[in-house]
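What follows draws every value from the coordinates through simple rules; no lab data is involved. If you're wondering where the values come from, they're calculated on a predicted model, not measured in any experiment. Glycine gets a Cβ as well: all are built from the backbone with ideal geometry, and neighbour counts include every protein chain shown.
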Amino acid sequence: MIGERLAAGILTAAGASVLSAICLAFTFKGINFQLAWAALTIGLAGGIWVFWQTRQNEARHATAWDVLLFALFAIASLRAFLWLIYPVKDEWRILSPYNLGDISLHIQFIRYFAGGVDFWPASPILTGVPLSYPLGADLWNSLLLLVGVPVERGLIWTGLAGAALTAWALWRWGGAFAVAAFLFNGGLTGFVILQTGQLQDFQSELAWKNFFLTMFVTQRGLLYALPCGLMLLRAWRDDFFREGSGLPRSAQFFLYVTMPFFSVHAFLFLSFALAAIFVFTPKSRLALLVFVSLAVVPATMAIWLVTGGFTAASGLRWLPGWMQGDGGWKFWAMNFGISLPLLGWLFCKAAVRGDAESRAFCLLSLGVFLLCFLVAFAPWEWDNTKLLLWAWLVAAPYLWSRVLEPLAPILRAALCVGLFFTGAVSLLAGLDGRHGYELAKKSELATAHMALMNVPLGTRIAVDPIFNHPVMLLGYPVVCGYEGHLWSHGLAYQEPLAKLRSVLRKESGWLDTAANLGAEWVYLRGPTPVLQRVKDSK
């Protein structure tokens with residue numbers, strides 16, 4: 001089917017563009033207009049090659065449920081991404097409160113990379129350390145910015161393209177049920193609407209939040225990692241358990257080893273998947289060993305880069321109960337509802353009477369669930385959801401075919417309502433037209449732009465450590481950024497932050513302190529901002 005070839009070509013083109021841009025930026029100490037065009041051209045050539053090399057698989061016929069879920073996914077995506085960032089009078093607004101901190105950081109990164117900084121870049125949110133972040137999605141938008149696509153428009157176009165690819169990949173992986181599992185994951189809290197009659201995101205205070213709202217719209221790397229990862233999982237399922245996929249092994253290798261530039265969590269889960277396939281397919285072990293052996297060096301290099309040379313704190317620690325706290329059994333009931341009992345049923349069926357395929361993927365899912373419920377993989381324990389997302393989606397098609405589909409229609413429908421009602425309520429509330437949150441004032445951005453007109457991009461500036469500071473939104477690196485970003489990225493920021501606050505209070509020797517922090521300018525925010533040059537202060 002043409003969709004198979006087109007999706008493979010588009011994803012390869014995006015990944016190859018980003019990898020080419022990184023290589024060119026290392027060679028020429030940054031990217032510019034000409035290099036951006038070169039990277040996009042190389043990516044396009046790679047995408048065309050994969051398009052023609054990919055074999056068309058047998059077409060999958062869409063059912064009425066497939067069409068309905070595609071329509072719901074399209075409506076949600078259009079609402080979420082067309083209003084991802086939008087102007088209202090003197091404001092730039094965003095639709096989702098979950099995205100306030102994330103999108104401001106992405107805008108800073110996009111403009112920072114487009115400013116031509118040396119590679120591997122220094123962190124734009126903390127002085128004296130290398131960037132430790134999967135930069136792929138933001139570097140992609142930097143390329144678009146350099147060739148003339150405004151940041152806001154590039155964010156919207158990329159979001160819509162990623163949503164279309166994700167809907168297709170979910171459907172190809174597990175049909176309408178997998179699409180629903182992504183859109184409507186939830187527990188029991190949404191049933192409160194039947195009592196209150198008030199539409200709201202009842203999952204907002206829980207750990208198991210709606211994936212579409214809290215991750216897909218905010219974690220930009222997933223726009224690439226989700227369709228790419230699902231395509232790889234399906235290719236491996238078809239290659240090692242069925243009649244074979246149409247995706248060339250060379251394309252699989254490229255997409256796998258470049259995944260850390262977009263999502264380290266996706267790469268980690270895909271590696272777990274390869275290990276599970278290795279265990280349950282003895283005849284394929286040699287091929288898997290060759291594949292993984294060849295991938296070790298390039299994948300490790302990618303991880304080394306996005307972790308700042310392994311300098312960022314991983315946050316890995318023993319945390320039984322995950323985010324349970326004092327919630328006890330109520331935590332699991334309210335967050336997951338009937339999801340965990342149904343998954344337990346599935347895993348028992350797969351372990352006792354399953355074939356090699358269902359055992360590999362279902363026990364993989366079970367293992368990741370248990371691991372995430374016992375160990376924290378990041379400073380912020382909620383980030384375990386970035387792995388739980390994959391475990392849930394991998395289990396989805398088997399949950400349908402092995403557990404729900406054989407049941408009587410009435411019972412099957414009741415269980416689907418129990419699984420998806422809360423998530424549907426949250427999604428509807430999260431995309432409600434009453435939302436709209438101020439990201440920045442256009443006038444303040446214009447004032448900052450005028451003040452910094454003669455300050456080259458890449459110049460480090462001391463500013464208030466807030467998530468939406470206009471200097472950061474314009475793409476300048478700062479001495480110490482928003483504490484939430486610094487902490488969640490595993491950076492040791494406490495000492496620089498204390499010194500920055502001393503600078504902003506203008507305590508004795510404040511300009512010397514700013515110089516010691518690596519700042520060339522101090523930007524004091526206010527009705528009339530003050531820009532103080534540090535070099536000339538002495």
Enter the angle in degrees (range 0 to 90, nearest 10) between the Cα long axis of helix 222-241 and the first principal axis of the Cα atoms of the chain, meaning the one along which they spread out most.
-> 30 degrees
Listed by chain and number, the residues whose amide H is under 5 Å from that of Val478, excluding neighbours fewer than 5 places away on the same chain and using placed H, are Ile125, Leu126, Ile461
Report, by chain and number, residues whose modeled amide H sits under 5 Å from the one on Arg93, excluding near sequence neighbours (fewer than 5 apart, same chain).
-> Tyr86, Val88, Leu439
Grab the beta carbon distance between Phe26 and His61, set R0 = 51 Å, and tell me the FRET efficiency rounded to 0.05.
-> 0.60
Looking at the square roots a ≥ b ≥ c of the eigenvalues of the Cα gyration tensor of segment 404-462, which shape do they give, rounded for a/c under 1.5, prolate if a/b is larger than b/c, or oblate?
-> prolate
Surrounding net charge for Leu144, when Lys and Arg each add one and Asp and Glu each subtract one, Cβ distance under 14 Å | +1
Tell me, how many Å apart are the Cα centres for segment 298-345 and for segment 429-497?
-> 28 Å
Taking Cα atoms, how many degrees apart are the long axis of helix 285-306 and the longest axis of the chain, rounded to 10 and kept between 0 and 90?
-> 20 degrees
J(HN,Hα) series, segment 199-207, from Karplus relation 6.51 cos²θ - 1.76 cosθ + 1.60, nearest Hz, glycine and proline x = 7, 7, 7, 6, 8, 4, 9, 9, 7
Find the centroid of the Cα atoms in segment 223-284 and in segment 36-81, then give the distance between the two in whole Å.
-> 17 Å
Karplus 3J(HN,Hα) series, Hz, for segment 509-515 with 6.51 cos²θ - 1.76 cosθ + 1.60 (x for Gly, Pro) | x, 5, 6, 5, 4, 4, 5
Please list, in chain and number order, the residues 5+ apart from Val375 or on another chain whose amide H is under 5 Å from its amide H, with Hs placed from the backbone.
-> Leu319
Do you know the Lys pair count in the chain for C-alpha distances under 25 Å, with sequence separation 8 or more or different chains?
-> 11
Work out from phi, with θ = phi - 60° and the Karplus expression 6.51 cos²θ - 1.76 cosθ + 1.60, the ³J(HN,Hα) of each residue of segment 378-395, listed in order in whole Hz, and give x for Gly and Pro.
-> 7, x, 8, 4, 4, 4, 4, 4, 5, 8, 4, 3, 5, 4, 5, 5, 5, 6
Average Cα contact separation per residue, the chain, under 8 Å, 6 or more apart, as relative contact order % = 21 percent
Using a 10 Å cut-off on Cβ atoms, rank the peptides 329-342, 257-270, 96-109 from the highest mean neighbour count down.
-> 257-270, 96-109, 329-342
Taking Cα atoms, how many degrees apart are the long axis of helix 442-451 and the longest axis of the chain, rounded to 10 and kept between 0 and 90?
-> 50 degrees
Only one of the values (i) 4, 20, 31, 28, 14, 3, 0; (ii) 3, 15, 20, 22, 18, 12, 7, 3, 1, 0; (iii) 4, 17, 28, 27, 16, 6, 2, 0, 0 was calculated from this structure for P(r) over Cα pairs in 10 Å bins from 0, in percent; name its label.
-> (iii)
When you count, for each residue, the other Cβ atoms within 10 Å and take the mean per peptide, how do 309-319, 223-233, 180-190, 241-251 rank with the highest first?
-> 223-233, 180-190, 241-251, 309-319
Do you know the relative contact order of segment 364-429, to the nearest whole percent, from alpha carbon pairs under 8 angstrom that are 6+ apart?
-> 27 percent
